[in-house]
Amino acid sequence: MSWGCGLCQLLAGGVLLALLAQLVRWLRADGDLTLLWAEWRGKKPETELRGKVVWVTGASSGIGEELAYQLSKIGAFLAISARREDELERVKKKCLQISTLTEKDILVLRLDLTDRSSHEAATNSVIKHFGKIDVLVNNGGRSQRSLFMDTNLDVYSAIMELNYLGTISLTKHVLKHMIERKRGKIVTVSSVMGIMGAPLASGYCASKHALQGFFNSLRTELTDYPEISIINICPGPVQSKIIQNVFTENLAKSLENSGDQSHKMPTDRCVRLTLVSTANDLKEAWISDHPYLAVCYLWQYAPTWAWWLMNRMGKRRIQNFKSGVVSLFLSPPLTCVSLPC
């Protein structure tokens with residue numbers, strides 16, 4: 001009997017130790033546990049993406065720019081798009097400097113996501129240049145900083161036209177090509193704001209919720225094509241220039257104070273986890289430091305607590321915004337948080 005009790009105690013101790021190890025791992029995490037497991041034990045971007053043709057939108061700055069750099073080092077062939085062709089040329093020049101790619105391996109293609117009539121021709125240009133598209137990374141878009149009651153409705157129309165309709169329009173043309181080949185990956189940079197809600201970003205949140213709903217639904221329509229992957233990336237606050245180009249109360253107004261970004265996740269780490277997600281065909285990945293990562297789990301598994309927390313944050317966030325503070329602080333024990341990019 002005593003031997004049996006000792007074995008039970010040993011097993012119980014082992015379980016508690018395993019749970020403690022998982023807790024410590026979670027507290028140090030900068031991504032959801034499935035993603036971090038894939039980073040540790042899964043497929044590597046260096047083997048899965050080398051030699052693939054990857055089309056990145058929003059590639060002139062921020063996450064898109066860093067994607068171009070890391071993909072070029074891996075050895076992927078690149079089509080990079082944005083509205084500012086001069087900035088794309090700058091990105092291409094650096095890609096050539098840091099990789100073994102040649103001029104013909106990187107296609108600079110100016111693209112305006114809101115000009116949906118141009119998307120078919122743009123897709124054909126990439127296919128003509130490389131012969132195929134293996135991966136589309138939907139990264140183009142803009143964030144928002146304004147209160148709903150102060151914001152013109154044409155701002156909401158512009159947000160949805162760019163972040164949502166422009167993205168699914170381009171996807172439709174690329175997906176036709178992927179269905180013909182019966183393979184491909186569509187990676188969409190959404191946001192943790194596509195999972196939760198927050199003040200000062202109602203239009204941005206709506207566009208990201210729309211993307212989440214659309215691509216989760218699209219995935220169910222592609223079950224006859226198991227080699228076509230739909231991958232949603234949900235970053236939290238990331239160091240980028242997106243804060244300098246946000247929508248505000250009206251289309252003519254810009255944000256004057258971009259705030260401190262030092263507390264946000266470094267762009268290169270966010271992109272590395274994005275590539276890990278892509279290589280391992282993860283359906284959804286949360287990429288964020290705490291406390292935003294913790295809020296994602298709360299929103300998923302304890303929404304009542306999440307609502308309580310977000311309501312508590314709301315007044316402080318709005319007060320700070322009205323006083324000109326962009327990087328907003330939450331009450332202890334949470335840390336400095338900015339709305340995600």
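The values are calculated or read from the model by the stated rules, or taken from the named source; none is laboratory data. Quick caveat, the model's predicted, so the values are computed rather than measured. Cβ coordinates were reconstructed from backbone atoms using ideal geometry, including for glycine residues, and neighbour counts include every protein chain displayed. Accessible surface areas use protein heavy atoms only, side chains included; no ligands, DNA or RNA. Shrake-Rupley method; radii C 1.70, N 1.55, O 1.52, S 1.80 Å.
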* Non-local amide H neighbours of Phe247 (under 5 Å, H modeled in plane, Pro and chain starts lacking H): which ones? -> Ser143, Gln144, Arg145
* Where nothing but the Cβ of Lys and Arg (+1) and of Asp and Glu (-1) is charged, how large is the charge dipole of the chain around its Cα centre, in debye to the nearest 20? -> 320 debye
* **Whole-Hz couplings from phi, Karplus 6.51/-1.76/1.60, listed for the range 150-157; x for Gly and Pro** => 9, 9, 5, 5, 5, 5, 5, 4
* **Two-site label geometry, Glu227 and Trp305: point separation in nm, points 7 Å out along Cα→Cβ** => 4.4 nm
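Restricting to DSSP H runs of at least four residues, report the calculated mean residue ellipticity at 222 nm for the chain, -39500 (n - 2.57) per run over all residues, nearest 500 deg cm²/dmol. Walk me through the numbers on the way to the answer.
Working: 12 runs with 163 residues, N = 341.
Using -39500 (n - 2.57) per qualifying helix, the result is -15500 deg cm²/dmol.
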* List, in the order given, every pair from Lys93/Lys283; Lys283/Lys315; Lys94/Lys283; Lys43/Lys132; Lys172/Lys208; Lys94/Lys132 whose Cα-Cα distance in the structure shown is over 27 Å. => Lys93/Lys283; Lys283/Lys315; Lys94/Lys283
* Calculated from backbone phi, Karplus (6.51, -1.76, 1.60) coupling profile of the range 72-81 in Hz, x at Gly/Pro -> 5, 5, 5, x, 7, 7, 10, 10, 10, 10
* Calculate, for Glu249 and Leu17, the FRET efficiency according to 1/(1 + (r/R0)^6) with r their C-beta to C-beta distance and R0 45 Å; round to the nearest 0.05. => 0.25
* In whole percent, what relative contact order does the chain give with Cα contacts below 8 Å and a gap of six or more residues? -> 19 percent
* Structure fact -> Under the Karplus relation with 6.51, -1.76 and 1.60 and θ = phi - 60°, whole-Hz ³J(HN,Hα) for the range 306-316, x at Gly and Pro, equal 5, 4, 4, 5, 5, 5, 5, 5, x, 4, 4
* Name the lysines eligible as straight-distance cross-link partners of Lys322: C-alpha to C-alpha under 17 Å, and not fewer than 8 places from it in the same chain. => Lys253
* To do: Would you please give the residues with an amide H less than 5 Å from that of Arg110, counting only those at least 5 places away or on a separate chain, with H modeled from the backbone geometry?
  => none
* Please give the per residue accessible area of the chain, computed with a probe of 1.4 Å over protein heavy atoms only, in Å². => 48 Å²
* Structure fact -> Residues whose modelled amide H sits under 5 Å from the amide H of Glu284, counting only those 5 or more places away in sequence or on another chain, are Asn232
* Kirkwood-based Rg to Rh ratio, the chain, C-alpha trace -> 1.01
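Apply the a/c threshold of 1.5 to the C-alpha gyration tensor of the range 55-163 and tell me whether it is rounded, prolate or oblate.
Prolate, because a/c is 1.5 or more and a/b exceeds b/c.
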* How much length, in nm to one decimal, is gained on full extension between Arg84 and Arg110, taken as 0.36 nm per residue of separation minus their Cα-Cα distance? -> 8.7 nm
